[in-house]
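S.K.: The structure is given below, and queries will be raised subsequently.
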Amino acid sequence: MTETTVTTVTTQDGREPAVPSPVAAGQEQGSPRRRRAPRRPRLWFEILLIAVSYWTYSLVRNAVPEQRSEALRNADWIWMVEHHLSLAVEESVNHTVNSVAWLIVGMNYYYATLHFVVTLGVLVWLYRRHPGRYGATRLVLFATTGVALVGYYLFPLAPPRLMNNSHFVDTVMVHQTWGSMASGDLKNMSNQYAAMPSMHIGWSMWCGLTIFILASAPWARVLGLLYPALTLVVIVATANHFWLDAVGGLLCLAFGFTVAWVWYGALPYALPRLVPAKATAKTRPKAKTRPRAKGNSKGNSKGNSKPKAADGTLLSTKK
């Protein structure tokens, strides 16, 4: 049964008959309605939000107790599971890449810098070129990062380079590269046992999907596909993560997309590229005319009204 609303128009001659009008076509046809409309992002707010959010993420991540014994036990368990799957390739990759000095040094810097640089670059690109999708895509990133904090708390995990009785090479320590907070002089500023899930994979896959789906240049789309794949090689070669940590990062990203879909009623990339202009006010029926002066009857017109004196008494118009 179609729901209708009743619109009445009041004129000087009285009340017009009610005119039924159908409710919005989208509701009539049962089409899903978007829960939140995209809004144009404000630059100052976005800068403040990203800065505060990353500061909070780092604070919470580093505040998670470094449960060393449990983290090492979990690392041994992950390593055992990968051996049972015949996919324990991290040590071989680590040693092979470490034998090429220029390559592993480059990967150390990759691990320390691109994680932030590329992510911020994609956010800026979205802000400028896809403002209608920016808020939803940013929500995916924030939700992904937020749920990762739960993983750090519930499943402390030592990276391969810190495992007992293993032959992994800590490439930052060996080659004395700068920038990574995972090894060297900066290791006390970062939680060493927050390897699961890998946000290097979570963030890089977010960047890669965004670039691949939204970019128009073929070369950019190819780079979007290569970026998370190369990041996976880097996190394994530098012995900072197991490949199963990458699976954890992908699960967090899936959670982030789910949150955005629930909030906006659509995946971020399906939203309009530009923020829709504010809808113009709907045309309304003519409003009731200004009430007549006291003493005038409804049926009297302006020309038939009798003149009055200042004290309100009627003046005679007879000649």
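S.K.: Residues of segment 71-111 being surrounded by fewer than 19 Cβ atoms within 10 Å (Cβ to Cβ) and aliphatic (A, V, I, L, M), which ones?
M.R.: Hits for segment 71-111 are Leu72, Met80, Val81, Leu85, Leu87, Ala88, Val89, Val93, Val100, Ala101, Leu103, Val105.
S.K.: Mind telling me which of the residues Ser86, Ser31, Ser21 ends up being among the hydroxyl-bearing types (Ser, Thr, Tyr) and either at pLDDT 75 or above or within 21 Å of Ala194 (Cα to Cα) (or both)?
M.R.: Ser86
S.K.: Okay, next question. Applying the selection to segment 202-235, what residues are open to solvent by 10 Å² or more (accessible area, probe 1.4 Å) and closer than 24 Å to Phe168 by Cα?
M.R.: Passing the criteria: Pro228, Ala229, Leu230, Leu232, Val233.
S.K.: Output yes when any residue across segment 131-151 is open to solvent by less than 70 Å² (accessible area, probe 1.4 Å) and either in contact with a His (Cβ under 6 Å, 6 or more places away or on another chain) or farther than 28 Å from Glu46 by Cβ (or both), and no when none is.
M.R.: So far as segment 131-151 goes, no, none of its residues is open to solvent by less than 70 Å² (accessible area, probe 1.4 Å) and either in contact with a His (Cβ under 6 Å, 6 or more places away or on another chain) or farther than 28 Å from Glu46 by Cβ (or both).
S.K.: Another question about this same structure. For segment 117-145, which residues satisfy the criterion of being farther than 24 Å from Thr231 by Cα and charged (D, E, K, R)?
M.R.: Matches in segment 117-145: Arg128, Arg129, Arg133.
The values are calculated or read from the model by the stated rules, or taken from the named source; none is laboratory data. Remember, predicted model here, so these are calculated numbers, not experimental data. Ideal geometry is used to build each Cβ from the backbone, glycine not excepted, and the neighbour counts take in all protein chains shown. Note: areas computed on protein heavy atoms with side chains; ligands, DNA, RNA excluded. Shrake-Rupley method; radii C 1.70, N 1.55, O 1.52, S 1.80 Å.
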